[in-house]
Amino acid sequence: MQDWTFHGFASAFDSHVREQLPWYELASAAMGLIARQYIPKGGKVYDLGASTGNVGRALAPVLEARAATLTALDECPDMIAAYAAPGRAVVADMTRFAYKPFDVAVAFLAFMFLAVPARRKLLQRLRQQLRPGGAIIVFDKLVPPGGYPATVLARLTWASKLAQGAEEAAIVRKELALSGIQRPLYPGELGEDAVEVFRFGDFVGWIIEG
Ligand SMILES: C[S@@+](CC[C@H](N)C(=O)[O-])C[C@H]1O[C@@H](n2cnc3c(N)ncnc32)[C@H](O)[C@@H]1O
């Protein structure tokens, strides 16, 4: 069983997320509306784990209207080569990047692909660079609840993927390939001040204010 990787995946990425995550457009639009509340004129924005630029495209009108700058980070060179959105796209490991003070950082479906200690350190470093009035916006998978509701949630997720046209064997293969690679966030991991603003099943959006 091979581990899941985003390397060599850029051309398939946009259709894949829409097949796997039926709420992807809705959540992206919500993220854009939320980020808009925190981006000042001349503001600085980071997109962590940018892939092909979904976050940058959602933020394009507000970035332009407020002359704000966006730096998009992804560790996969082919994702950055395929990046099609405003801002500066950089091949970089988000856990090692030298962040400057910023107004908004968006981690949209990205933290779950970091090792648990690395993402906790990253969050501390991001909090230090977050300007007053700004926000860190995280959309990610959350460790499911225990007991029968966990089974209910898993079935909801699989049914959604099937309804979007994913093939049964591919769903199982991906799930197993994600073992140890995709580590959902733990409840409370983002800190007590993280406010939940979006949820579909075990995918959740939070705001952490500066
Ligand atoms: C599920 S995708 C993110 C989706 C994207 N934000 C969107 O809005 O569609 C996760 C991305 O995070 C990137 N990634 C994973 N670990 C990373 C790291 N340590 N530093 C930078 N990018 C990373 C992967 O290459 C991949 O493109």
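State the three equivalent ellipsoid semi-axes of the stretch 1-90, derived from the C-alpha gyration tensor as the square roots of 5 times its eigenvalues, in descending order and whole Å. Walk me through the numbers on the way to the answer.
Numbers: eigenvalues 122, 49, 18 Å².
In descending order the semi-axes read 25, 16, 9 Å.
So between Val17 and Ile171, what do we pick up on full extension, going 0.36 nm a residue minus the alpha carbon distance? Write out the running numbers ahead of the final one.
Numbers: separation 154, 0.36 × 154 = 55.44 nm, distance 1.25 nm.
That works out to 54.2 nm of additional length.
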Output for the stretch 5-41: trypsin sites (Lys or Arg not before Pro) sitting in coil per DSSP, at most 10 other Cβ within 10 Å, listed by number, reads Lys41
Expected unfolding gain across Val91-Gln128 under the 0.36 nm per residue rule, minus the alpha-carbon gap, is 11.1 nm
Close lysine pairs (the chain; alpha-carbon distance under 28 Å; 8 or more apart or on separate chains) counted at 11
For the chain, longest principal axis from Cα atoms; helix 24-36 axis from its Cα atoms; angle between them, nearest 10 degrees, is 20
So, with points 7 Å from each Cα along the Cβ direction, the Ile181-Glu64 label distance in nm works out to 3.6
Dividing the alpha-carbon radius of gyration of the stretch 54-161 by 2.2 N^0.38 Å, where N counts its residues, gives 1.26
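Which longest run of the chain has no exposed loop site in it, a site being GluC sites (Glu not before Pro) in a DSSP loop with at most 15 other beta carbons within 10 Å, and the site itself not part of the run? Display every interim value, and only then the final one.
Details: sites that count: Glu167, Glu192.
That gives 1-166 as the longest site-free run.
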So the pair-distance distribution of the chain, from every Cα-Cα distance in 5 Å bins, comes to percents of 1, 7, 15, 20, 22, 17, 10, 5, 2, 0
Nearest 10, in degrees from 0 to 90: the angle of helix 10-20 to the longest Cα principal axis of the chain is 60
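If you wrap a convex hull around the C-alpha atoms of the stretch 125-167 and split its volume per residue, what is the figure in Å³? Don't jump to the answer; show the numbers that get you there.
Numbers: hull volume 6.1 nm³, N = 43.
Measuring per residue, one finds 142 Å³ for the Cα hull of the stretch 125-167.
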Whole-Å distance linking the alpha carbon centroid of the stretch 63-112 with that of the stretch 165-202 is 21
With Cα coordinates, the longest principal axis of the chain makes an angle with the long axis of helix 54-65, in degrees rounded to 10, of 20
Interchain or sequence-distant (5+) residues whose placed amide H lies within less than 5 Å of the amide H of Ala72 are Asp47, Arg88, Ala89, Val90
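Values in this text are rule-based calculations from the coordinates and carry no lab data. These figures come from a predicted structure and were not determined experimentally. Virtual Cβ from ideal backbone geometry, glycine too; neighbours counted across all protein chains shown.
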